[in-house]
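The next block holds one structure in the form of structure tokens; read it before the comments.
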Amino acid sequence: MKISGTKDHKNGRDRKRQYRQAVFGTAVFLMALMLTACMSEKREASETEDAAQETMVIGFSQLGNESDWRIANTESMEDTFTEEAGYELLMDDARQSQEKQIAAIRNFILREVDYIVLAPVVVSGWEEVLAEARDAGVPLIVMDRRVETEDDSLYTAWVGSDMKAEGERAVQWLEEYLKEQGREEEEISIVHIQGSLNSSAQLGRTAGLDEGLAAHRNWKLAARECGEFTQAKAYEVMRDILKVTRKVDVVYCENDNEAFGVMEALDEAGLTYGKDGDVILISFDATEAGLTACMEGLINLNVECNPLHGPRVEKIISMLEAGETPPKESYVEETVFEPEMLTEELI
Ligand code: AHR
């Protein structure tokens, strides 16, 4: 009995010990589980925090979608400011409206973006909204076209093309080309298709041509109309011009899309153009389609306007992030193309 009593007692103690061990084990297991869950929750939270801290938000007010150049410019921004590179790009297409651009900038300020990039549709009327961005402490980078302000502290930096120099390059080329052809004394009738009025691209290229007209008594302005940087509008205005005069020696188109519209109108009127034609065709941008037309001899001169500003804007932002001062103005180096210079590989 005793023995069996001792045995029962021992069995009871063993069971109790086993029970205590099981309870303790479960408690340790549950605590470990809770600890792991807690740590992973914490890790996730800090990862989200890090990601939020690392993502830089860029508000981009693009003026529109009017030309091949503009599409390439937008793509350059989208290809640069990617999620993988640590950015969130908020793009707003203003469809050629300054009012929409102003509203987009105000919206970016409210959303507390890190930087604002503005491709301005026109040069004037920006003071108020730029001051709002500056006062809110949001650095604003102007890209491509320019803004005209008396106070240049209203924006942080500008990067783009020297549109007047582009016009001057075209005029200098025309002067030499006519000389080579022995036509320097001949009366030269020029049709001018302008880009969107009051944009720095139009103002600069128009100023270049105006200087050329002033310097050559024999260059005559036969017509000047706005083609809005689009093929459709340029076709329309050129078609109407050709109803009034067919004496056209040169058409000065302020971008490639306009040149295509002009070609359509010249084709319809039965006039030849380009390297082997009667009308000298000058264009700006040097887009892929424009250069191809130039290589084929349809455009006599294509003046480069480089749209790939995404990496240039990013460089400015990197400098600012590093506490450096980027140049207030950065001009892109550009050139001109004639048919003989072009190959498919180059394009
Ligand atoms: O501001 C650049 C000009 O705008 C380009 O020449 C034209 O194609 C574009 O729309």
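Please treat every number below as a calculation from the coordinates, not as lab data. In this text, all values refer to a predicted model and were calculated from it rather than measured experimentally. As a convention, Cβ positions derive from the backbone with ideal geometry for all residues, glycine included, and neighbour counts pool all protein chains shown.
Observations
- Cα pair distances exceeding 20 angstrom across region 263-347, given as percent: 49 percent
- All Cα-Cα distances of region 163-305, cut into 10 Å bins from zero to the largest, leave 13, 49, 36, 3 percent in each bin in turn.
- Other-chain or far-sequence residues with amide H under 5 Å of E329's (modelled H): W158
- You can think of it this way: the chain between R111 and Y331 has 76.1 nm of extra reach, that is 0.36 nm per residue less the Cα-Cα gap.
- Of interest is the spacing of the C-alpha centroids, which for region 287-347 and region 226-248 amounts to 27 Å.
- Amide H partners (placed H, <5 Å) of M91, local residues excluded: F60
- Size of region 118-199: Rg and Dmax of its alpha carbons, in Å, are 18.8, 60.
- Derived scalar couplings between HN and Hα for region 190-204 equal 10, 9, 10, 9, 7, x, 4, 5, 6, 8, 5, 5, 5, 4, x Hz in order, rounded to whole Hz, by the Karplus curve 6.51 cos²θ - 1.76 cosθ + 1.60 (θ = phi - 60°), x for Gly and Pro.
- Annotation: amide H-H contacts under 5 Å for Q96 (H modelled 1.01 Å from N, sequence separation of 5 or more, or interchain): G64, N65.
- Checking every one of the trypsin sites (Lys or Arg not before Pro) in region 123-202 against DSSP loop status and a limit of 14 other Cβ atoms within 10 Å picks out R183.
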